[in-house]
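S.K.: I have a structure I would like to understand better, so I am pasting it below and will then ask my questions one at a time.
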Amino acid sequence: MALLELNEVSIEYKLSNGKLKAVDNVSLNVENGDVVGLVGESGCGKSTLIKGIINLLPSNGKITNGEVIFEGEDLSKLEFEKMRKKRWKEISMITQSAMNSLNPVYRVGNQITEVILEHEKMSKHDAMEKAKELFDLVGLDRARLEDYPHQYSGGMKQRAIIAMSLALDPKLIIADEPTTALDVIVQSQILEKINALLEGYSGSMILVTHDISVVAQTCNKVAVMYGGRIIEYGDVKQVLKKPNHPYTMGLKNAFPSLTGEKKDLISIEGTPPDLSKKIDGCRFKDRCPFVLDKCKSGEMPFTRVESGYYYCARHDEIDHLRELADLSETWDV
Amino acid sequence: MTERTKVIEAIDLHKEFMVKIKGDGKVREIKSLKAVDGINLHVCKGETLGIVGESGCGKTTTAKLFLGLHNATMGSILLGDKDISHLKGKELKNFRKHAQMIFQDPYESLNPRFKIKNTIMEPLEIHGIGKDKAERYEMAKQMLSEAGLKPPEEYMDRYPHEMSGGQKQRVAIARALVLNPDFLIADEPVSMLDVSIRASILKLLRKMITEKDLAGIIISHDISLIRYISDRTAVMYLGKIVEQGSTEELIEKRYHPYTKALLEAAPNPDPEVKFTLENIKGEAPNPVDIPKGCRFHPRCPECMEICKMITPQEYDMGNGHKVMCHLYGDKNE
């Protein structure tokens, strides 16, 4: 049994002038030990999906269909209090901007022990001991537990948040853009720390990001989201080296690299689809250079590959399309 | 390349800020923060210079000095043969026509209450260009279409909130270029945009700089991105340019240990190429307490005795490739 199983999950936001389907029929399995990268551009529904998993959608958002099965239990039907007990203890989260997720008027040490004491029967002293061990683990000086967040640098705050997310040995860690606001070297230091922690950790992780280089360096599986759907899923090497969906092909070629020959970067013109309207056909059809009539209506066929799947109407010509996608002229409008 | 005319040049440029060091809520000490500590840079006509470095290294201060938004503490900035580092009043206003800037966040740098046409026509009005409103309108329209917003009529009457991030950045580029400046500075021009459209904004900037024969400076923390846009690159560390040269050569030769570390630490989108942090330790020190000798020595894997005492001078490695490191000292002696 998978640790986390998403079955045909749809999430809608109620707006003053209608509905917005931010997540549309998403299925995803996270096995024990998996590190799954969830990639997509802003507005693709990746943040909504993880908020849906931990049941923290804003009041106008609702899971309208499907199940979120975590260890055999449907989280979407769980009472508030029971869910609260699960957060941090079984599913923890590394939030996007560590700068804003620490409380500025409490010492960092107290914020970490607060999490521990909320969920475990333990003395304050023992909780602080645990916090010290966690700081060793993420490479922060124990003495800094006494400091306030403003005395930390950006990288240190992010490490403190990682320490907090590990405090109760959760089975699943969700990291939402854990390194986005950081400098290159600090970012790599955090990624190295995350990689090292994952080596000795039996649980799983979902890493949400728009940066495919972060996924390439950390994850073993990757799910590419576009317009509320997972359009391609598979082993990280396969998806990033030999992508099957035209959107993933574009993303791969849009990304600057320091190694290899300097190829022309491509850019995928246009904007993602408006999710408040019903979408007929492929979600990527307006921006796809390979669009045909058959892409414009109906459901896109599901194609299984060795380590995953993708949805594309031109699945029988993918090898040819991949060659074309490497040329920047293909993407010129 | 040496034959080209220099448009703007910084000679031994310094900028110090006085900062209050607080302890227990009282000001304990006033120290100087050397944000820019003696840099020499120039940009030629039709050329793009990239400046890379971590946050706090002084790259934004450098940009502001070039634009006359800060007064230099020491040294000079020459536009042609005129020193512009201490201009005032009318002369400063006149200079601003020649120097334009594109900011990081197009969501904040455009006035939300101005229609796009007013945003672009305002600088023309301020500098008294164009004989009447109708002519300025035509100029704005022409510029918008050059910036890739076609047909321009469709965008002239819009407000910023009716446009996507990429379109807004195109408006910002149009606003900067409508004055026909001599040089253009872009501070992290694409870091707020989705990866899928970054390349098109970079290409537009590149095209404008070459076609209009401007001198361009692009600032970024991301060296892989700089690789795709700049002819020459300068690497900045704690207020000093530690290495500068033609971009491809700098990436290939990577003389300075900091450049090397920066390049190796960048996460790669290829899952088979892993980053390494072997050649750099810790975080950048506080710029208020710059280490003695070479400022990189506490983090440098190749630190020698001399590095702890004496600030290295700049050594010329040929082809205008300069590096500030004791490792290359013997060569010229």
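The values are calculated or read from the model by the stated rules, or taken from the named source; none is laboratory data. Predicted model, so just to flag it, every value in this text is computed and none were measured. Cβ atoms come from the backbone with ideal geometry, glycine included; neighbour counts cover every protein chain shown. For the accessible areas, the whole protein counts, side chains as well, though only heavy atoms, and no ligand, DNA or RNA atoms are used. Shrake-Rupley method; radii C 1.70, N 1.55, O 1.52, S 1.80 Å.
S.K.: Does the stretch A:27-38 include one or more residues that are within 14 Å of chain B (Cβ to nearest Cβ) and either in contact with a helix residue (DSSP H, G or I) (Cβ under 7 Å, 6 or more places away or on another chain) or over 25 Å from residue A:213 (Cα atoms) (or both)?
M.R.: Yes, because at least one residue in the stretch A:27-38 is within 14 Å of chain B (Cβ to nearest Cβ) and either in contact with a helix residue (DSSP H, G or I) (Cβ under 7 Å, 6 or more places away or on another chain) or over 25 Å from residue A:213 (Cα atoms) (or both).
S.K.: Okay, next question. With the checklist (1) modelled with pLDDT of 90 or more; (2) assigned to a helix (DSSP H, G or I) in hand, flag the one item residue A:174 doesn't pass.
M.R.: Residue A:174 satisfies every listed condition except (2).
S.K.: Within the stretch B:272-295, does at least one residue satisfy the condition of being closer than 26 Å to residue B:227 by Cα and more than 12 Å from every other protein chain (Cβ to nearest Cβ)? Walk me through how you get there before you give the answer.
M.R.: Restricting attention to the stretch B:272-295, the residues satisfying the condition of being closer than 26 Å to residue B:227 by Cα are B:272-284, B:295.
Among the residues that remain, those that are also more than 12 Å from every other protein chain (Cβ to nearest Cβ) are: B:295.
Checked against the condition, which is being closer than 26 Å to residue B:227 by Cα and more than 12 Å from every other protein chain (Cβ to nearest Cβ), the stretch B:272-295 yields at least one hit.
S.K.: Across the stretch B:38-57, which residue is farthest from the other protein chains (Cβ to nearest Cβ) among those that are part of a loop (DSSP other than H, G, I, E, B) and open to solvent by less than 10 Å² (accessible area, probe 1.4 Å)? Spell out how you get there, then give the answer.
M.R.: Looking only at the stretch B:38-57, we keep the residues that are part of a loop (DSSP other than H, G, I, E, B), and these are B:45-47, B:53-57.
Those left that are additionally open to solvent by less than 10 Å² (accessible area, probe 1.4 Å): B:46-47, B:53, B:57.
On the way: B:46: 20, B:47: 18, B:53: 9, B:57: 9 Å.
The residue in question is B:46.
S.K.: Only one residue in A:221, A:193 is within 29 Å of residue B:285 (Cα to Cα), open to solvent by 10 Å² or more (accessible area, probe 1.4 Å) and assigned by TED's automatic domain parsing to the domain that holds residue A:52. Which one? Even if it seems obvious, please write down each step before you answer.
M.R.: Details: A:221 fails: within 29 Å of residue B:285 (Cα to Cα).
Unique residue meeting the criteria: A:193.
S.K.: Then there's this: Can you give me the number of residues within the stretch B:236-271 that are within 12 Å of chain A (Cβ to nearest Cβ) and in a strand (DSSP E or B)?
M.R.: 1
S.K.: Now for a separate question. Output the residue which, of all residues in the stretch A:179-190 that are more than 9 Å from chain B (Cβ to nearest Cβ) and open to solvent by 20 Å² or more (accessible area, probe 1.4 Å), is farthest from residue A:206 (Cα to Cα).
M.R.: Taking the candidates together, the pick is A:181.
S.K.: Can you tell me which residue within the stretch A:264-284, out of those that are more than 14 Å from chain B (Cβ to nearest Cβ) and within 24 Å of the chain's Cα centre (by Cα), is surrounded by the fewest Cβ atoms within 10 Å (Cβ to Cβ)?
M.R.: Narrowing the stretch A:264-284 to residues more than 14 Å from chain B (Cβ to nearest Cβ): A:275-282.
Now restrict to residues that are within 24 Å of the chain's Cα centre (by Cα): A:275-276, A:279, A:282.
Working: A:275: 22, A:276: 14, A:279: 16, A:282: 29.
Top of the filtered list is A:276.
S.K.: State whether the residues of the stretch B:5-17 include one that is exposed (fewer than 13 other Cβ atoms within 10 Å of the Cβ) and free of Cβ contacts under 8 Å to residues at least 24 places away in the same chain. Break it down stepwise before answering.
M.R.: In the first step, residues of the stretch B:5-17 are kept if they are exposed (fewer than 13 other Cβ atoms within 10 Å of the Cβ); the result is B:5, B:12.
Subsequent filtering for residues that are free of Cβ contacts under 8 Å to residues at least 24 places away in the same chain retains none.
No.
S.K.: Let me ask you something else. Is it the case that the stretch A:246-263 has a residue that's within 14 Å of chain B (Cβ to nearest Cβ), more than 30 Å from residue A:88 (Cβ to Cβ) and aromatic (Phe, Trp, Tyr)? I'd like the intermediate steps shown before the answer.
M.R.: Quick first cut of the stretch A:246-263, residues within 14 Å of chain B (Cβ to nearest Cβ) only: A:246-263.
Retained after the next criterion (residues that are more than 30 Å from residue A:88 (Cβ to Cβ)): A:246-263.
Cutting the leftovers down to aromatic (Phe, Trp, Tyr) gives us A:247, A:255.
Checking the stretch A:246-263: at least one residue is within 14 Å of chain B (Cβ to nearest Cβ), more than 30 Å from residue A:88 (Cβ to Cβ) and aromatic (Phe, Trp, Tyr).
S.K.: Moving on. Condition (residue is within 23 Å of residue B:186 (Cα to Cα), open to solvent by 70 Å² or more (accessible area, probe 1.4 Å) and touching a His at 6+ places or on another chain (Cβ under 8 Å)) applied to the stretch B:24-35: is it met by at least one residue?
M.R.: Initial filter on the stretch B:24-35 (within 23 Å of residue B:186 (Cα to Cα)): B:34-35.
From the residues that got through so far, the ones that are open to solvent by 70 Å² or more (accessible area, probe 1.4 Å) too are B:34.
Narrowing the set further to residues that are touching a His at 6+ places or on another chain (Cβ under 8 Å) leaves B:34.
Checked against the condition, which is being within 23 Å of residue B:186 (Cα to Cα), open to solvent by 70 Å² or more (accessible area, probe 1.4 Å) and touching a His at 6+ places or on another chain (Cβ under 8 Å), the stretch B:24-35 yields at least one hit.
S.K.: Give the number of residues within the stretch B:238-262 that are of a type in the set (Phe, Trp, Tyr) and surrounded by 24 or more Cβ atoms within 10 Å (Cβ to Cβ). Steps first, please.
M.R.: Our first condition is that a residue be of a type in the set (Phe, Trp, Tyr); within the stretch B:238-262, this holds for B:255, B:258.
Within this subset, residues satisfying the condition of being surrounded by 24 or more Cβ atoms within 10 Å (Cβ to Cβ) are B:258.
Total satisfying the criteria: 1.
S.K.: Further question: Run residue A:167 past the list (1) open to solvent by less than 10 Å² (accessible area, probe 1.4 Å); (2) of a type outside the set (D, E, K, R); (3) free of Cβ contacts under 8 Å to residues at least 60 places away in the same chain and report the number of the one that doesn't hold.
M.R.: All conditions pass for residue A:167, except number (3).
S.K.: A follow-up question, please. For residue A:109, are the conditions met, namely being out of contact with any Leu (no Cβ under 6 Å at 6 or more places or on another chain) and open to solvent by less than 70 Å² (accessible area, probe 1.4 Å)? Explain how you work it out, then say what you get.
M.R.: Details: out of contact with any Leu (no Cβ under 6 Å at 6 or more places or on another chain): no; open to solvent by less than 70 Å² (accessible area, probe 1.4 Å): yes.
No.
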